[in-house]
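Inspection log for the structure reproduced underneath, given as structure tokens.
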């Protein structure tokens, strides 16, 4: 083993880890501020008007899924409601409040990443590099991160996974349940996590953790299912039946074709998002969904066939 490899395998010193975490939080805040300046301000696509409509409806006493249609799962509702409390019908104030809430979620995600790295006993260089990547990610993602609520389930996902790595397995699965009840995508890490718990802590502990995950999801969903089963089903169906979103990989191919003159973009403003319309876009959306599902299943199988180590769990969860 080389000297560099040995250094990367050494546990991070506590003070180095703490300093790196604090610097990463500050760097994330700086990156967030930069998104409000220069070329980032041009050509923004925002979802906050949709969220504002949901939030103000709840402030008015309307019940989600029953009195008005909602595109997203129940645990997403708090981040729509909180920015609407106070000043009403002011889009600029709502967006400002929403962005601040998402910045807090981003900071929580950075903190969760630091906890996970500490649990992995990452070396100082790895610790710093990983947090730098996470902290500066907003500059690569652009302003789309400001006006989407994805940082909320992302923060919960990272914190839940960090808790599992820190041997707080039941807490971790509970937080992952909350994440899955906010947006569906965190569900994909649950099978590897349960395999990890089963292999390292036994069948009984894995079943308890699975029950905690399912219980949290049920507690969040059931009140709304009881009030409006059709409304909740419509929400889930619309998420699964989305057209080709403008920021998706499949859409990027069509956007390149549009720039080269081989394709004319057709906008489909439905499902609470900006999408590409037309038969080719619909075909690409279907292919993309199938490929994604197959890749996720392949990753589950590959993880289950290998050793249940913390490093592999993190790697497969990221994949």
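The values are calculated or read from the model by the stated rules, or taken from the named source; none is laboratory data. Being a predicted model, the structure only gives us computed values, none of them experimental. Methodologically, a virtual Cβ is constructed for each residue, glycine included, from the backbone with ideal geometry; neighbour enumeration extends over all protein chains shown.
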(message) Any residue that is in contact with a helix residue (DSSP H, G or I) (Cβ under 7 Å, 6 or more places away or on another chain), assigned to a loop (DSSP other than H, G, I, E, B) and either outside the structural domain of residue 149 (by TED's automatic domain parsing) or more than 30 Å from residue 164 (Cβ to Cβ) (or both) - is there at least one of those in the range 271-281?
(response) yes
(request) Pull up the range 234-257, narrow it to residues that are touching a helix residue (DSSP H, G or I) at 6+ places or on another chain (Cβ under 8 Å) and part of a helix (DSSP H, G or I), then point me to the one that is modelled with the lowest pLDDT. (result) 250
(message) Against the definition (buried (at least 21 other Cβ atoms within 10 Å of the Cβ) and either over 16 Å from the mean Cα position of the chain (by Cα) or farther than 27 Å from residue 193 by Cα (or both)), how does residue 117 come out, yes or no?
(response) yes
(request) Output the residue which, of all residues in the range 4-23 that are within 24 Å of residue 106 (Cα to Cα) and in contact with a helix residue (DSSP H, G or I) (Cβ under 6 Å, 6 or more places away or on another chain), is modelled with the lowest pLDDT. (result) 12
(message) For the range 19-135, give me every one of the helices (runs of 4 or more DSSP H) that falls completely inside it and has 2 or more residues that are closer than 21 Å to residue 162 by Cα and in the same structural domain as residue 176 (by TED's automatic domain parsing).
(response) 91-119
